[in-house]
Structures are given as C-alpha cells and as structure tokens.
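A short worksheet on the structure shown next.
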Amino acid sequence: VSTSAIKTVCPVCRGGQQPDCLGDYRILKGYPLKRCGRCGLQMIDPQPDDPTLEAIYQREYYDAWGIERDEDLTRALKRATFGRILRPIRHRFSDSPKLLDCGAATGYLMEEAQSLGMEPYGVELSEFGAARIADKFGTDHAFCGPFDQAAFAGADQNFFDIITMIDFIEHVRAPIEALAKAFWLLRPGGQLVVLTPNADSLSRKLMGTSWLHYKLEHLFYFNRRSLTYALQQVGFEKLQVRRAWKSMNLHYLAHQFAQYSHPVLTPAFRAVHRLSPSGLRRKMFPITFGELLATASKPAAPVPDTLS
Ligand SMILES: [Zn+2]
C-alpha cells in the first residue's frame, strides 16, 4: 500500500542546520537514490511499493533453494560467520541469555546461538523461513511477519539480552523505528548487533552503481557516521563500528554470483571456480564484502521509554 512520501530531511541525522540535506544522487534500477550531504546516508526515495518488494523476496526465496541443495555447506559457512559475531558477546552474559534475531531466514544464527548456550527467538517475514524456525525452536520462539509487528508471548519491554540484525536494517522501510523497537525490547545493559553494507566502502567507490549491495530491496545504505548517528539517536551507547568479516568459500561465491549476475564478478568467479581443485573450492576463508559490523549497548541504568 505504502509508497512513502518524498522526503527532504534525512531520517538519521535530521540535517542539523541544513534541513534540506537530502539530495538526488543516482538512479538505482529506475528509482531515485538520494544522499544526505551531512551524514552520508543513502536511501531509495520514494521507496518501491509493497507488491514490487514482495515479488523480489519471492524470487530470492526460490533462489535460496538452489543453495539449500548444498544445505550442509551453507549452514557451515553461515554458522562460522555468526559464531565469529556471537562469541565475543556471549561471555558478557551469564546463563542462557535470550537472543532475538531479526530477519532470521531459516534459523542458522539461532542454531549457532543455541549451541553457545543462548535461548534464541526469531522474526522472519517469509512463511517458508518462519515455519522452519518454528520447527526447530518452537512456535513460541518464531514470529512470521515484519519486525514492527513482532510480538512473543511474555516478551515485553526489557526482555531480550541480545538482538541481532544481520543483513536486515537496509531492508526495512523505517530503520530508526526498528532500532527504537530493539532498544525497547532490550533489557538495560543488553546488546544490539547490526551488520549492514557500508556506503563508503572501497568496493562501493570502485564499482559505482554496479556495487553488489545496490539492490532495489536495500532501501537504506549506511556508513560509519550515519550508522553511529542512528544508534545514538535511539539511545544506544558504547558504540563500536568496524569492518565486517564473513566466512566464505569459492563454491558458495560462484553460486552467489551465478544468481546475482554481475558484469565483471560473475565471469571472474566462474573462471576461478572452474580452475580450482575441489578441496580448495570448499575451503573456508574470511572475507570482507564492504560491510559494517556495529555493536551497541542499551544503558545499564533505567532510562525513559523512547517509543513514545
Ligand atoms: Zn543525514
């Protein structure tokens, strides 16, 4: 229903002394991409309507089945990535911290969290993913729908110890509101983790509009400054924003680039994949894709409710 109205004020930094900070930047797949002259946030504005985005997500879930044929491999890569993110946080909490994963897909992060002694909950838009989460962790630990409508029995304000948003915040129509909801759900001292593309990354600067993260379903593109502003605006503290690493192998990369066709990278990875011995194709290595990993805390002392 909602194609949001054209905005001139940046939703993240609100422009400071320059309220007309959002200017035309590029055209992305037929849609205007705007950029804030103050904090560097990029956003598609006006946003694609619901049927357009739903069609994209439908297609993506079908494509995901191609990888699911190699489910063990996918699981191993994803869990290695998620373990790298979760382990440094895990030790800050005592027995069985409650974790909420936003955009939980089929629950690989939740699996890793469980193996690290956490109690995982997940929010997932697709019925396919949400059903698999419910199978694995129970219907009371899975919510099917958008995060702004997410609710769990008994999970009120100050309920969760950890909330994760991995490849998530760039998809939502109102990221500040999503961060505010996470803040509300977290208990004082709770941890938020956000992984999202970096609009100021070298790969973005080198590749221009053919940057692999420029997709119609990615409505917002943060950089270090705008992500910091967004988290601070909502009330988070102890911010750390750094380069994100993911676990990868050649087989998975070649598959990804076959799916999301890129003029240079798709033939390049096809060639590398074809020339590599099979052992090497499946060897895991850390790689950075021009993404940011941010961690932030809800202040330990009780604070006023920010969801007014
Ligand atoms: Zn801004």
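Here, each number is a calculation from the coordinates, and none is a lab measurement. As the structure is a computational prediction, the values presented were derived from the model and not from experiment. Methodologically, a virtual Cβ is constructed for each residue, glycine included, from the backbone with ideal geometry; neighbour enumeration extends over all protein chains shown.
Values for this structure:
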read-out	value
Dimensions (Å) - region 153-217, Cα atoms, principal axes, largest first	46, 21, 16
Kirkwood Rh, angstrom, region 110-231 [1 / mean 1/r, Cα pairs]	15.8
Ranked packing of 254-267, 277-290, 107-120, most packed first, by mean Cβ within 10 Å	107-120, 254-267, 277-290
Kirkwood hydrodynamic radius over Cα pairs of region 45-167, then Stokes diffusion coefficient at 10 °C and 1.306 mPa s, in µm²/s	104
The chain - share of DSSP beta bridges that are antiparallel (%, nearest 5)	60
Rg/Rg_ref, the chain, where Rg_ref = 2.2 N^0.38 Å and atoms are Cα	0.99
Lys pairs under 25 Å by Cα in region 126-250, provided they are eight or more residues apart or on distinct chains	6
Whole-angstrom Cα spans of region 111-162 along principal axes, big to small	26, 25, 14
Debye intensity ratio I(q)/I(0), log10, region 238-308, q values 0.16 Å⁻¹ (C-alpha model)	-0.68
MRE, 222 nm, helices only [DSSP H, n ≥ 4, -39500 (n - 2.57), over the chain, to nearest 500]	-11000 deg cm²/dmol
